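Asker: Dropping the structure in here first, questions after.
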Amino acid sequence: DPYRVYAQAQIERIRDHESKEVWTDRFERRELRNDWLAEEAAGPLVSLVDGELSIRGDFRADGQARVLRQYAAPDFVAVELTLTVRPDNNARVGLFVSKERRRGAGQVDVQGIVAVARRKDGGLIVRTEDRAAAEPQWEDVPPPEGVDWWPLGEPVRLRIERNGEGSEATGRIVVDGLAVREGFGMRGLSSSTNELRVGVFVQGQTGLPAAVKIDDVQVVRRVAGR
């Protein structure tokens, strides 16, 4: 019966929608809190001043600074936020979702990652590795009609989302409402009970400055029992 098939599909869609919740953070406070973690070993510092979350400062060593939260892999659905790269920034800046394994001396093995970033020269790049890779696999995204994706000093809205579950899970990356990559596999980033790290990174070289503002974070996740 086509009516029964249609009704069942709508019931499943509604149940799926009701199993999710949206968590937001606009940083309207004086302290970071809300389970945010700051990684500052490379030099730039994470600060929250007058309701503005930023990563700023010079790199003391080659590496990256990050601010992030952690989620159980099966629960994560999407992250969306606004990034503003300031004119005095001279580092790669981006949004990421990753699965990592820590080892001695502060070393981290990336087991899978989806990321969208702005190169120092302004180009847009994406990374969609569902499994560990020997070297980071960044891909260039040509600008639409010759217009820069990510001008200095202007806010840009970024989103990484996962669709489907388990072996059927795929990803989508959106920049200011336009999908720049979609349909890539996210099986490894969704089928494990390990935590995912979700946040913003700034990557640079010794002596170079980082300057980025983060705002209006939204995370969609599934809630057990709904």
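The values are calculated or read from the model by the stated rules, or taken from the named source; none is laboratory data. On a predicted model such as this, the values are computed, not experimentally measured, just so you know. No Cβ is skipped: glycine too gets one built from the backbone with ideal geometry, and neighbour counts run over all protein chains shown. Ligands, DNA and RNA are excluded from the accessible area calculation, which covers all protein heavy atoms including side chains. Shrake-Rupley method; radii C 1.70, N 1.55, O 1.52, S 1.80 Å.
Asker: Given a 1.4 angstrom probe, I'd like the percentage of the accessible area of the stretch 77-154 that is carbon and sulfur, rounded to a whole number.
Answerer: On the way: 1750 of 3750 Å².
Its accessible area is 47 percent carbon and sulfur atoms.
Asker: Quick check: from the Cα gyration tensor, does the stretch 28-124 come out rounded (a/c under 1.5), prolate or oblate?
Answerer: Numbers: a/c = 1.30, a/b = 1.15, b/c = 1.13.
Judged from the Cα gyration tensor, the stretch 28-124 comes out rounded (a/c under 1.5).
Asker: May I pose another question? How much net charge surrounds Phe27 when only other residues with a Cβ under 11 Å from its Cβ are counted (Lys, Arg +1; Asp, Glu -1)?
Answerer: Numbers: positive: Arg26, Arg29, Arg30, Arg33, Lys213; negative: Asp25, Glu28, Glu31, Asp50, Glu52, Asp215, Asp216.
Value of the local net charge: -2.
Asker: Which of the lysines could a cross-linker bridge to Lys213, judged by Cα under 25 Å and excluding same-chain residues fewer than eight apart?
Answerer: Output for Lys213: Lys99, Lys120.
Asker: As I understand it, the value is the acute angle between the Cα axis of helix 2-18 and the longest principal axis of the Cα atoms of the chain; what does it come to in degrees, rounded to 10?
Answerer: Once rounded, one gets 40 degrees.
Asker: What 222 nm value per residue comes from the helices of the chain, counting each DSSP H run with n ≥ 4 as -39,500 (n - 2.57) and dividing by all residues, nearest 500 deg cm²/dmol?
Answerer: Working: 1 runs with 17 residues, N = 226.
It lands at -2500 deg cm²/dmol.
Asker: Follow-up question, since we're still on this one. In terms of the Cα gyration tensor, with a ≥ b ≥ c the square roots of its eigenvalues, is the stretch 89-132 rounded because a/c is under 1.5, prolate because a/b exceeds b/c, or oblate?
Answerer: oblate
Asker: Please state, as a whole number in µm²/s, the translational diffusion coefficient that the Stokes-Einstein equation yields for the chain at 25 °C and 0.890 mPa s, with Rh defined as the Kirkwood radius across alpha carbon pairs. Could you put the intermediate results ahead of the total?
Answerer: On the way: Rh = 18.4 Å.
Estimated diffusion coefficient is 133 µm²/s.
Asker: With θ set to phi - 60°, apply the Karplus curve 6.51 cos²θ - 1.76 cosθ + 1.60 along the stretch 30-35 and write out the HN-Hα couplings as whole Hz, x wherever there is a Gly or Pro.
Answerer: The phi angles translate into 9, 10, 5, 6, 6, 6 Hz.
Asker: Further question: Pop out the ³J(HN,Hα) list for the stretch 131-146 in order, Karplus 6.51 cos²θ - 1.76 cosθ + 1.60 with θ = phi - 60°, rounded to Hz; leave Gly and Pro as x.
Answerer: 9, 4, 10, 4, 10, x, 10, 8, 10, 6, 10, x, x, x, 6, x
Asker: Next up: Got a sec to turn the phi values of the stretch 110-122 into Karplus ³J(HN,Hα) couplings, 6.51 cos²θ - 1.76 cosθ + 1.60 with θ = phi - 60°, whole Hz, x for Gly and Pro?
Answerer: 7, 8, x, 7, 10, 8, 10, 8, 9, 5, 4, 8, x
Asker: Separate question: Hey, what's the stretch 37-76 come to in accessible area per residue, 1.4 Å probe, Å²?
Answerer: Working: 1770 Å² over 40 residues.
Solvent-accessible surface per residue comes out at 44 Å².
Asker: Right, another one. Which one, Gln137, Val108, Ala61, projects farthest toward the positive side of the charge dipole computed for the chain from Cβ point charges (K/R +1, D/E -1)?
Answerer: Projecting each Cα onto the dipole axis, the largest value belongs to Val108.
Asker: Please give me, ordered by residue number, the trypsin sites (Lys or Arg not before Pro) of the stretch 88-126 that lie in loop per DSSP and have at most 13 other Cβ atoms within 10 Å.
Answerer: On the way: sites: Arg92, Lys99, Arg101, Arg102, Arg103, Arg118, Arg119, Lys120; in loops: Arg103, Arg119, Lys120.
Answer in residue order: Arg103.
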